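Comments concern the structure below.
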Amino acid sequence: MKLASLDIGLKRIGVAISLGGNLVTPQNAILRKNRNQAATEVNNFLVEWEIDKLIVGLPKDGDNCDEMERRITHFVKLLGLTIPIEYQDEQNSSLEAKERTMGVFKHTKDGRLDSIAASIILERYLGV
């Protein structure tokens, strides 16, 4: 089963895939200009990779988790997907992504960290 995961943020959407088994690979992040552009790019990605199920990171603990949960679920509804969608706790995935990559590459706002966070979300879902 081909899985994809998203770490949805206000400026970038981290993306990772697993094409079977437990190997998870971060992909290029989607830089958000607006909701519709981002939704189109996510849909194109899912079709291109023939994804069977989407895993979406959802904050379960934090200061503004209710607001972020509302925004994330709204964005997922915009996708209008026919494949199954499951939500996975993303707590501290961005912090873990920073720790994993400390000294590996410069932490810029190019979306690499967001996609590594998406891979952590998918690893958690898979139990890796």
Hey, Glu50 assigned to a strand (DSSP E or B), touching a Lys or Arg at 6+ places or on another chain (Cβ under 8 Å) and at pLDDT 95 or above or not: no
Can you name every residue in the range 24-50 that is acidic (Asp, Glu) and either surrounded by 12 or more Cβ atoms within 10 Å (Cβ to Cβ) or within 15 Å of Ser119 (Cβ to Cβ) (or both)? Glu41
Could you tell me whether the range 108-122 includes any residue that is in a helix (DSSP H, G or I), over 15 Å from Gly9 (Cα atoms) and at pLDDT 95 or above? yes
Do we have any residue at all in the range 3-19 that's under 15 Å from Ser115 (Cα atoms), loosely packed, with under 14 Cβ neighbours inside 10 Å and touching a residue at least 12 places away in the same chain (Cβ under 8 Å)? yes
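Could you tell me whether Asp61 is more than 19 Å from Arg12 (Cβ to Cβ), charged (D, E, K, R) and at pLDDT below 85?
yes
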Mind listing just one residue for me: the one in the range 32-43 that is at pLDDT below 95 and in contact with a helix residue (DSSP H, G or I) (Cβ under 8 Å, 6 or more places away or on another chain) and, of those, farthest from Lys60 (Cα to Cα)? Asn36
Go through the range 74-92 and count every residue that is over 13 Å from Ala39 (Cβ atoms) and not in a strand (DSSP E or B). 6
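The values are calculated or read from the model by the stated rules, or taken from the named source; none is laboratory data. Just so it is clear, the model here is predicted, and its values are computed rather than measured. Positions of Cβ are backbone-derived with ideal geometry, glycine not excepted, and every protein chain shown enters the neighbour counts.
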